[in-house]
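Some notes on the structure that comes next.
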Amino acid sequence: MYRFIETLRIEDKKVFNLKAHNQRLNKTIRHFSPRSPEINLGEHITADLVQRTKCHIVYSDQVLSVSYQPYHPRPVHSLQLIECDAIDYAYKYEDRDLLLSLYGQRGQCDDILIVKNGVITDTSIANIVVYDGTQWYTPAHPLLRGTQRELLLHQGLLTEREITPAELFSYRKLCTLNAMLDFEEMEFEISDQTIKRP
């Protein structure tokens, strides 16, 4: 069976969005191993940590490993647009070779922004949202439906929308989202200097 990962944020002795991570893990297991019993991630995690910590879980039809490390955000202030129609990351696979290969094409930028089938998707490690001066939007077809993205959609703070590379430049700001970051923690102005075209 394939190996998958979940990355959870622990801070001030709290596991963030545990229910959503648990649901995604068990949905993945049901898809690839329908007869396997459900897993309760809470039984595998030590939450007694104060500093923002990255909890990294590797699993197949069972939890294979759990590790912890202090989290230091990787600053992202520029993105290289990269086209790749072949990429499929609907499940959070441990094998990230294609993503790492695409990341290697970022040039002088901090990360990549992947274009699949003509529309914007995700960076190599995060979902994105864009701001038009009034409202935040997130691409309708992300590579991975991240737990933080889904939470913000459920709260009504984001709206899904197809965004082409050309349309991207009509927005004012871009913010990256993942399980380790607060909303609007990692954002920058959109311009030809911050978003590099292929």
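The values are calculated or read from the model by the stated rules, or taken from the named source; none is laboratory data. Bear in mind the structure is a predicted one, so any value in this text is a computation, not a measurement. Counting neighbours? That spans all protein chains shown, and the Cβs are built from the backbone with ideal geometry, glycine included. When the accessible area is computed, the model is the full protein with side chains, heavy atoms only, and any ligands, DNA or RNA have been set aside. Shrake-Rupley method; radii C 1.70, N 1.55, O 1.52, S 1.80 Å.
Multiply the residue gap between Q108 and R74 by 0.36 nm, knock off their C-alpha separation, and tell me the result in nm, one decimal place. Walk me through the numbers on the way to the answer.
On the way: separation 34, 0.36 × 34 = 12.24 nm, distance 1.48 nm.
The Q108-R74 span can extend by a further 10.8 nm.
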Lysine pairs within the chain, Cα separation less than 22 Å, 8 or more sequence positions apart or different chains: 12
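Which value at 222 nm does the chain reach when only helices count, each DSSP H run of 4 or more adding -39,500 (n - 2.57), with the total divided by all residues and rounded to the nearest 500 deg cm²/dmol? If you can, show how the numbers build up before the last one.
On the way: 4 runs with 34 residues, N = 198.
-4500 deg cm²/dmol, from helical runs alone.
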Backbone HN-Hα couplings from phi across the stretch 35-44 [Karplus 6.51/-1.76/1.60, Hz, Gly and Pro as x]: 8, 6, x, 5, 10, 9, 4, x, 7, 10
Nearest 20 debye, what's the magnitude of the dipole of the chain about its Cα centre given +1 on Lys and Arg Cβ and -1 on Asp and Glu Cβ? 340 debye
Work out from phi, with θ = phi - 60° and the Karplus expression 6.51 cos²θ - 1.76 cosθ + 1.60, the ³J(HN,Hα) of each residue of the stretch 57-69, listed in order in whole Hz, and give x for Gly and Pro. 10, 10, 8, 10, 9, 8, 6, 9, 7, 9, 9, 10, 8
Only Lys, Arg (+1) and Asp, Glu (-1) charged, at Cβ; the stretch 129-198 dipole about Cα centre in debye: 180 debye
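If R₀ is 35 angstrom, what is the calculated FRET efficiency for the pair E189 and L98, using the beta carbon separation as r and rounding to 0.05? Please list the in-between numbers first.
Numbers: r = 30 Å, r/R0 = 0.84.
Result of the calculation: an efficiency of 0.75.
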Cα atoms only: what Rg and Dmax, in Å, come out for the stretch 60-108? 14.5, 40
Can you list, largest first and rounded to whole Å, the semi-axes you get for the chain by taking the square root of 5 times each eigenvalue of its Cα gyration tensor? 29, 19, 16
What does the convex hull of the alpha-carbon atoms of the stretch 130-198 project to on average, in nm²? 4.8 nm²
Using only alpha carbon pairs under 8 Å that are at least six residues apart, calculate the relative contact order of the chain and give it in whole percent. 20 percent
Which FRET efficiency, nearest 0.05, do V50 and Q155 yield, Cβ-Cβ r, R0 35 Å? 0.85
Return the inverse of the average 1/r over all pairs of distinct C-alpha atoms in the stretch 1-98, which is the Kirkwood hydrodynamic radius, in Å to one decimal. 15.0 Å
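For a distance above 15 Å, tell me the whole-number percent of Cα pairs in the stretch 13-63 that qualify. Each step should come with its number before you reach the end.
Values: 585 of 1275 pairs.
Tail of the P(r) past 15 Å holds 46 percent of the pairs.
Quick check on the stretch 33-144: of the DSSP beta bridges with both residues there, what percent are antiparallel, nearest 5%?
The antiparallel fraction comes to roughly 70 percent.
Quick one: accessible area per residue over the chain, 1.4 Å probe, rounded to a whole number of Å²?
Working: 10260 Å² over 198 residues.
Counting only protein heavy atoms, the per-residue value for the chain is 52 Å².
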Would you mind telling me the share, in percent, of accessible area of the chain contributed by carbon and sulfur at probe 1.4 angstrom? 47 percent
Here the gain from full extension of D88 to E162, 0.36 nm per residue of separation minus their alpha-carbon distance, amounts to 24.9 nm
Taking the Cα centre of the chain as the origin and placing charges on Cβ (Lys, Arg +1; Asp, Glu -1), which of Q62, S124, T164 is farthest toward the positive end of the dipole? Q62
Whole-Hz couplings from phi, Karplus 6.51/-1.76/1.60, listed for the stretch 166-181; x for Gly and Pro: 5, 5, 3, 7, 8, 8, 8, 10, 10, 10, 8, 10, 8, 4, 8, 10
Amide H proximity to R161 below 5 Å, modelled H, separation 5+ or other chain, gives T138, A140
Any chance you could give the angle, 0 to 90 degrees and rounded to 10, that helix 18-32 forms with the longest Cα principal axis of the chain? 80 degrees
